[in-house]
Amino acid sequence: MFMPRRPTLLCIGIVSLPGPPALAQPGPGLGIEATPEQIAAWDISIGPDGSGLPPGSGTADAGAAVYAAKCVACHGAEGAGQPNDRLVGGQDTMDEPNPVRTIGSYWPYATTVFDYVRRAMPYLQPHSLTDEEAYALTAYLLHLNGIIGAEEVMNARTLPEVVMPNRDNFVSAYPEGSE
């Protein structure tokens, strides 16, 4: 038969020794404090509403050249994939057992595409694209997915206005009025 143990009271004593209070030890001396300029250079988050988007612009036509130079080796011709992720297609597959998650079928915001491209691509040189290149690549990827036209200019004003095909299938962590 199982019998619960009686609770035991544990007392911890604090011993105080006479003498001057110990001074805080200095840190390990690693690194240097970041300057405001260094912090600003890495404070690059972009909100779904476009907050934080930098100046600049780009079109799909300009993005095609950047894609050919910096992206095709990893993502294949026109974003078809191989050796890395497929970026184009997959529309109308979200209800299937194995949906094809691409920019055009899954991502909820065009601003998120820009944020990811600028922050993490190219894979071996993240955060090396200019803002103009990031806008152009985003426009190119949106165009390949049939979301915008080839001549549409993407910038801080127009990019947040793009409505992604799967936007309504996401639930916001911040419902209207709760921010």
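Computed from the coordinates by the stated procedures, all read-outs in this text should not be read as laboratory data. Nothing here was measured: the structure is a model prediction, and the numbers come from that model. Cβ coordinates were reconstructed from backbone atoms using ideal geometry, including for glycine residues, and neighbour counts include every protein chain displayed.
Add +1 for every Lys or Arg and -1 for every Asp or Glu among the other residues with Cβ under 15 Å from the Cβ of V117, and state the total. Taking every other residue near V117 into account, the sum is -2.
Expressed as a fraction of 2.2 N^0.38 Å, the C-alpha radius of gyration for segment 44-92 is 1.41.
Given R0 = 22 Å, the distance between the Cβ atoms of S51 and L30 translates into a calculated FRET efficiency of 0.10.
Using 0.36 nm per residue, how much length does the chain from V153 to Q91 gain when fully extended, once their Cα-Cα distance is taken away? Show your work: numbers first, answer last.
Values: separation 62, 0.36 × 62 = 22.32 nm, distance 2.33 nm.
Once the chain is fully extended between V153 and Q91, it gains 20.0 nm.
Each label was represented as a point 7 Å from its Cα along the Cα-to-Cβ direction; for F170 and R101 these points are 1.2 nm apart.
In order along segment 137-151, the Karplus-derived 3J(HN,Hα) couplings, from 6.51 cos²θ - 1.76 cosθ + 1.60 at θ = phi - 60°, round to 5, 4, 4, 4, 5, 5, 5, 4, 8, x, 8, 10, x, 4, 9 Hz, and Gly and Pro are given as x.
Each Lys and Arg Cβ is given +1 and each Asp and Glu Cβ -1; about its Cα centre, segment 45-169 then shows a dipole of about 340 debye. Within the shell defined by Cβ-Cβ distances under 15 Å, the residues around G89 carry a net charge of -2, with Lys and Arg each +1 and Asp and Glu each -1. Compactness of segment 111-179 was expressed as the Cα radius of gyration divided by 2.2 N^0.38 Å, which yields 1.24.
The string of couplings for segment 154-168 from the Karplus curve (6.51, -1.76, 1.60, θ = phi - 60°) is 9, 8, 5, 8, 7, 4, x, 7, 5, 9, 6, x, 9, 4, 6 Hz, one whole number per residue in order, with x for Gly and Pro. Panel order for D115, D95, by other beta carbons found within 10 Å of each beta carbon, from fewest to most: D95, D115.
Assuming 1.567 mPa s and 4 °C, estimate D for segment 45-169 with Stokes-Einstein, Rh taken as the Kirkwood radius over Cα pairs, in µm²/s.
Working: Rh = 14.2 Å.
In µm²/s, the coefficient is 91.
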